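Some notes on the structure that comes next.
No value in this document is a laboratory result; all are computed from the given coordinates. This structure is a prediction, so every number in the text was calculated from the model and none was measured. Virtual Cβ from ideal backbone geometry, glycine too; neighbours counted across all protein chains shown.
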Amino acid sequence: MKNTTYGTFVLSVVHYYYIKRILKCQYFFIKIGRVMNDLYIKNLDESKVSKVEIKKLAEEKYGELAGLAQQYLFYWKRENG
């Protein structure tokens, strides 16, 4: 019985860890989507901007440096509102 409790505990911790990471990624994507919309797309209704559109724009503008640009834009938006 002790092993079952420990196993359940370990699975709970692992599950929590991955759920937390997924939520952070979703939050990050929402924020970067807003930045890309504010700077480039300029759609008044943010909900109509698709992930595909954002990804395509990032690839066109930044190419292989898209990941680095994404981090910088997130930082810039956080610091400058």
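Counting Lys +1, Arg +1, Asp -1, Glu -1, what net charge surrounds Lys77 among other residues with beta carbon under 12 Å of its beta carbon? Could you put the intermediate results ahead of the total?
Numbers: positive: Lys31, Arg34, Arg78; negative: Asp38, Glu79.
Neighbourhood net charge equals +1.
Can you tell me which aspartates and glutamates have their Cα less than 16 Å from the Cα of Lys31? Leave out same-chain residues fewer than eight positions away.
Qualifying aspartates and glutamates at Cα under 16 Å: Asp45, Glu46, Glu53, Glu79.
Kindly write out, for the range 12-22 in residue order, the coupling ³J(HN,Hα) from the Karplus curve 6.51 cos²θ - 1.76 cosθ + 1.60 (θ = phi - 60°), rounded to whole Hz, with x marking Gly and Pro.
Coupling constants for the range 12-22: 5, 5, 4, 4, 4, 4, 6, 4, 4, 5, 4 Hz.
By the scheme Lys and Arg +1, Asp and Glu -1, what is the net charge of all other residues having a beta-carbon under 14 Å from that of Met36? Don't skip to the end; give the middle numbers.
Details: positive: Lys31, Arg34, Lys42, Lys48, Lys51, Lys55, Lys56, Lys61, Lys77; negative: Asp38, Glu46, Glu53, Glu59, Glu60.
Residues close to Met36 contribute a combined charge of +4.
Mind listing which trypsin sites (Lys or Arg not before Pro) in the range 1-45 are in a DSSP loop and have 16 or fewer other Cβ atoms within 10 Å? Kindly include the intermediate steps, with their values, before the conclusion.
Values: sites: Lys2, Lys20, Arg21, Lys24, Lys31, Arg34, Lys42; in loops: Lys42.
Sparse-neighbourhood loop trypsin sites (Lys or Arg not before Pro): Lys42.
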